[in-house]
Amino acid sequence: GDLVRALDDLGARGLGEIHAMISPDSSMWCGPRDEMAMLSRIGLPMRVRVFAITDLPDTLDRMKEAAGGDLRFGGWKGFADGALGARTAALSEPYADGPGAGTPRWGVGSHRACAERALELGGSVAIHAIGDAAVDRVLDLFEALRSAGADPSSLRIEHASVIRPDAIVRMAELGVTASVQPAFVRSDGPWLPDRLGPRRLAWAHPFRSMSEAGIPLLGGSDAPVEVPDPWQAMADARTRPYLPGGESLDA
């Protein structure tokens, strides 16, 4: 029904695989196995790699068991903070246009347990971190996982919207991936200078600095927050509307 039509639309935009982030422990879902089985039965028109948003490592086992065909087990999706728009992204210093420095979301034990289980199951770890303080916490975890033998290509930060130069160096040394959303440059651009102030604006969406440091970059849409249009995203990464152009990527 609607899901297949939505995937057909994504295919028409040039996409061959999507990474879907779901909350299988939420009451709105029918459970990991049933949900995955339903998706398998309807005949997906493209590959779907599913990441579980959960604090329960056992949920990852159930999703792994239910995966098959074009429905792949992706791994675990965690959260380290909120969003810049709501001033809940965790910064190392207070916001320039309001009180507070954001809201960290960090359960040390559950984060590490879920990350380790996802890796044991052959999946990846993707953690939402928008503010620079949240990025620091995620890199702490990734450093511990790397020390325990984790493959850096299985570790990625979702967004890394505000990241200091020293954290870029650290991220590159760890060899982990940044999954960035060029559409955020367009949507955040009009108000981001006031929110961060001039000094930290240089840390916002620093695609070129990350790329030149050797950090592998993935481009995503964060749909349905943004329109899943890869062509517009590439244009935004190149033109950086509203923001300084020094961090533009070449076409």
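Against the main long axis of the alpha-carbon atoms of the chain, helix 57-66 sits at an angle near 50°. For the peptides 157-164, 172-179, residues were scored by their other Cβ atoms within 10 Å and the scores averaged per peptide; the highest-first order is 157-164, 172-179.
Taking the C-alpha atoms only, the angle from helix 32-41 to the longest principal axis of the chain is near 80 degrees. Only Cα pairs under 8 Å and 6+ residues apart enter the sum, and on that basis the relative contact order of the stretch 80-251 stands at 19 percent. Cα axis of helix 165-174 to longest principal axis of the chain: angle in degrees, 0 to 90, nearest 10? For 165-174 against the chain, the angle is about 40 degrees.
Computed from label points 7 Å out along Cα-Cβ, the spacing between residue 17 and residue 148 is 2.5 nm. When you restrict to C-alpha pairs under 8 Å that are six or more residues apart and normalise by the size of the stretch 167-218, the relative contact order lands at 65 percent. Here the Karplus curve 6.51 cos²θ - 1.76 cosθ + 1.60, taken at θ = phi - 60°, turns the phi angles of the stretch 186-193 into couplings of 6, 6, 7, x, x, 10, 5, x Hz, with x standing for Gly and Pro.
For residue 74, the residues 5 or more places off, or on other chains, whose built amide H falls under 5 Å of its own are 50, 51. Simple spin-label estimate for residue 250 and residue 9 gives 3.6 nm between the two label positions (7 Å along the Cα-to-Cβ direction from each Cα).
Taking the helices alone, the chain has a mean residue ellipticity at 222 nm of -12000 deg cm²/dmol, built from -39,500 (n - 2.57) per DSSP H run of at least 4 residues and averaged over all its residues.
A simple packing score, the average count of other Cβ atoms within 10 Å per residue, orders the peptides 220-229, 199-208 as 199-208, 220-229, with the highest score first.
Rule-based calculations on the coordinates, nothing more; no lab input. Note that the coordinates shown come from a computational prediction; the quantities given were computed from them, not determined experimentally. Counting neighbours? That spans all protein chains shown, and the Cβs are built from the backbone with ideal geometry, glycine included.
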